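My structure is below; once you've seen it, I'll send some questions.
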Amino acid sequence: MDKRRENRQRIRFRAGKLCDLSDQFVADCVIRDRTQSGARLLVGDADAVPIEGQIYFDDDSKIALYRQAWKKNSEVGIQFLSEPCEVKDFTAKDLRALRGVYYALTDK
């Protein structure tokens with residue numbers, strides 16, 4: 001029986017990047033499912049994913065704060081603490097860094 005509160009949107013091979021709350025890159029991820037309140041991620045090392053952090057969605061260039069809800073093997077479930085939003089407060093240099101393979105945002 002499905003216990004989800006919301007319908008999930010199954011997503012194939014959508015890339016994302018995880019960073020901690022100090023804007024340091026933690027890991028790349030693949031977004032497997034996404035709802036308005038959270039997502040299921042595939043990561044290389046679930047233990048490396050911070051309990052709270054930020055996720056950047058490569059496909060639509062949005063970012064959201066999250067809290068880890070669960071983890072199992074190489075999958076992590078996250079709950080959004082903020083609705084994914086445009087990254088309009090970032091500088092052009094920061095946006096280029098986010099779109100790169102690995103990123104670290106610099107002090108402004």
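The values are calculated or read from the model by the stated rules, or taken from the named source; none is laboratory data. If you're wondering where the values come from, they're calculated on a predicted model, not measured in any experiment. Ideal geometry is used to build each Cβ from the backbone, glycine not excepted, and the neighbour counts take in all protein chains shown.
Applying the selection to region 36-51, what residues are assigned to a strand (DSSP E or B), buried (at least 17 other Cβ atoms within 10 Å of the Cβ) and of a type outside the set (Val, Ile, Thr)? Break it down into steps so the answer makes sense when it comes.
Keep residues of region 36-51 that are assigned to a strand (DSSP E or B), which gives 38-43.
Checking the rest, the ones that are also buried (at least 17 other Cβ atoms within 10 Å of the Cβ) come to 38-41, 43.
Those that are assigned to a strand (DSSP E or B), buried (at least 17 other Cβ atoms within 10 Å of the Cβ) and of a type outside the set (Val, Ile, Thr): Gly38, Ala39, Arg40, Leu41.
Can you pull out every residue in region 23-35 that is in a loop (DSSP other than H, G, I, E, B) and within 19 Å of Val87 (Cβ to Cβ)?
Asp23
Among the residues of region 52-67, what is the count of those that are over 17 Å from Ser22 (Cβ atoms) and part of a strand (DSSP E or B)?
Summing the residues that are over 17 Å from Ser22 (Cβ atoms) and part of a strand (DSSP E or B) in region 52-67 gives 2.
Residues Leu65, Leu41: which one is at pLDDT 95 or above and within 10 Å of the chain's Cα centre (by Cα)?
Testing whether each residue is at pLDDT 95 or above and within 10 Å of the chain's Cα centre (by Cα) leaves just Leu41.
Now for a separate question. Please specify each residue of region 13-59 satisfying the condition of being touching a residue at least 24 places away in the same chain (Cβ under 8 Å) and of a type in the set (S, T, N, Q).
Scanning region 13-59 gives Gln24, Thr35, Gln36, Ser37, Gln54.
Name the single residue, out of those in region 59-76 being loosely packed, with under 15 Cβ neighbours inside 10 Å and charged (D, E, K, R), that is farthest from Gln36 (Cα to Cα).
Going through the qualifying residues, I end up with Lys72.
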